[in-house]
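Data first, discussion second: the structure below is written as structure tokens.
The values are calculated or read from the model by the stated rules, or taken from the named source; none is laboratory data. Since we're looking at a predicted model, the values are computed, not measured. So basically every Cβ, Gly included, is an ideal-geometry build from the backbone, and we count neighbours across all protein chains shown. Areas reflect the complete protein model, heavy atoms only, side chains present, ligands, DNA and RNA absent. Shrake-Rupley method; radii C 1.70, N 1.55, O 1.52, S 1.80 Å.
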Amino acid sequence: VALSFAPDLEKVLEHAEYKFGKFSEAAESFSVETFGKIVAISRQALVNDDLGAFTRIPQAYGASARRLEADLCYAKLTGNPTMSDGVALFHADHGNLAASGAAISVVSLGLARAAMRSQKGLDGIGYFDPQPRFLIVPVNLETTAEALLASLVDPSKNNDATNPAWVRGLTLVADPRLDAASTTAWYLAADPNQVETVIRAYLAGSERPYLEEDDAFVRDVISHKARLDVGVGVIDSRGLYKNPGA
């Protein structure tokens, strides 16, 4: 549940009564689900494991859990789910989708920042003003984005026009999961300390993968089970912005 800003304060004239205001609220819902797998290893395989590969099973399951969480998170960006207001996450009505695609540049990033900073509170009154912090791109655009963020001048110019400090201050995030959906689309995300967007939630007390081992009695087999209770949801569209790319 998200609570709106406090209502705007109005001037109170001498001997006049104070006016009543109100808060607005919004809510998004999602659930935590259980994910898991069992791998059975025979005694013969363990005996013949000269390289000690099976001793790294906990580490391997940890990496599997991280992949799952990343899969679930990026699926929210690429899947463009419908929010509780009946509108897709990235939509003109949410003010977080570019009207036309453009390559990453100082100009296109400036338009994206302006759109993000123009977001208003839940009640549509008062500017929420989220600040972009992360530039999220497919790996196809990673090198281009790196060059832009590291440059002291605007690479698109034939002069020494300065590359704005806020562009150079963005944190770059690149992931191949985005390429599977689009090799051109890129995103801006606000600081999560200012507004939460895509979040992960865990079953209380089970924030990490649970590993369990079982020895079979009638067979020379050891089974390893991994389980993770996790859910991913989008709770606010105002801290995200998408450009379909050139």
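Okay, here's what the table says:
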{"item": "Some residue of region 101-113 being surrounded by fewer than 14 Cβ atoms within 10 Å (Cβ to Cβ) and not in a helix (DSSP H, G or I)", "result": "no"}
{"item": "Residues of region 100-119 satisfying the condition of being farther than 18 Å from Thr197 by Cβ and either of a type in the set (D, E, K, R) or out of contact with any Leu (no Cβ under 9 Å at 6 or more places or on another chain) (or both)", "result": "Ser100, Gly101, Val107, Ser108, Gly110, Leu111, Ala114"}
{"item": "First in region 8-25 and at pLDDT 85 or above, second anywhere and hydrophobic (A, V, I, L, M, F, W, C), Cβ under 9 Å, 6 or more apart", "result": "Tyr18/Val12; Lys19/Val12"}
{"item": "Scope region 157-179; condition surrounded by fewer than 16 Cβ atoms within 10 Å (Cβ to Cβ), modelled with pLDDT under 95 and assigned to a loop (DSSP other than H, G, I, E, B); matching residues", "result": "Lys157, Asn158, Asn159, Asp160, Ala161, Pro164"}
{"item": "Odd one out for Leu46 among (1) in contact with a helix residue (DSSP H, G or I) (Cβ under 8 Å, 6 or more places away or on another chain); (2) under 26 Å from Leu178 (Cβ atoms)", "result": "(2)"}
{"item": "Top-ranked residue of region 192-228 - restricted to ones that are of a type in the set (Phe, Trp, Tyr) and over 18 Å from Asp71 (Cα atoms), ranked as modelled with the lowest pLDDT", "result": "Phe217"}
{"item": "Among the residues listed as Gly239, Gly233, the single one being within 17 Å of Ala70 (Cβ to Cβ), touching a strand residue (DSSP E or B) at 6+ places or on another chain (Cβ under 8 Å) and open to solvent by less than 10 Å² (accessible area, probe 1.4 Å)", "result": "Gly233"}
{"item": "Of all residues in region 18-39 being aromatic (Phe, Trp, Tyr) and under 23 Å from Met83 (Cα atoms), the one that is least open to solvent (accessible area, probe 1.4 Å)", "result": "Phe30"}
{"item": "Hits in region 192-207 - residues which are surrounded by fewer than 16 Cβ atoms within 10 Å (Cβ to Cβ) and either part of a strand (DSSP E or B) or in contact with a Leu (Cβ under 8 Å, 6 or more places away or on another chain) (or both)", "result": "Arg200, Ala201, Tyr202, Ser206"}
{"item": "Which numbered condition Ala189 fails, given (1) modelled with pLDDT of 90 or more; (2) outside any helix (DSSP H, G or I); (3) over 20 Å from the mean Cα position of the chain (by Cα)", "result": "(3)"}
{"item": "Pick from region 67-100, criterion more than 19 Å from the chain's Cα centre (by Cα) and in a loop (DSSP other than H, G, I, E, B), ranking: surrounded by the most Cβ atoms within 10 Å (Cβ to Cβ)", "result": "Asp85"}
{"item": "Candidates Leu135, Leu122 - the one that is hydrophobic (A, V, I, L, M, F, W, C), in a loop (DSSP other than H, G, I, E, B) and closer than 19 Å to Val198 by Cα", "result": "Leu122"}
{"item": "Some residue of region 48-59 being within 23 Å of Leu72 (Cα to Cα), out of contact with any strand residue (DSSP E or B) (no Cβ under 7 Å at 6 or more places or on another chain) and part of a helix (DSSP H, G or I)", "result": "yes"}
{"item": "Residue list for region 40-56, filter: open to solvent by 90 Å² or more (accessible area, probe 1.4 Å), hydrophobic (A, V, I, L, M, F, W, C) and under 18 Å from Arg219 (Cα atoms)", "result": "Val47"}
{"item": "Region 121-148 residues that are open to solvent by 60 Å² or more (accessible area, probe 1.4 Å), paired with ones that are assigned to a loop (DSSP other than H, G, I, E, B) and among the aliphatic types (A, V, I, L, M) (beta carbon under 7 Å, 6 or more apart)", "result": "Arg133/Leu170; Thr144/Ile104"}
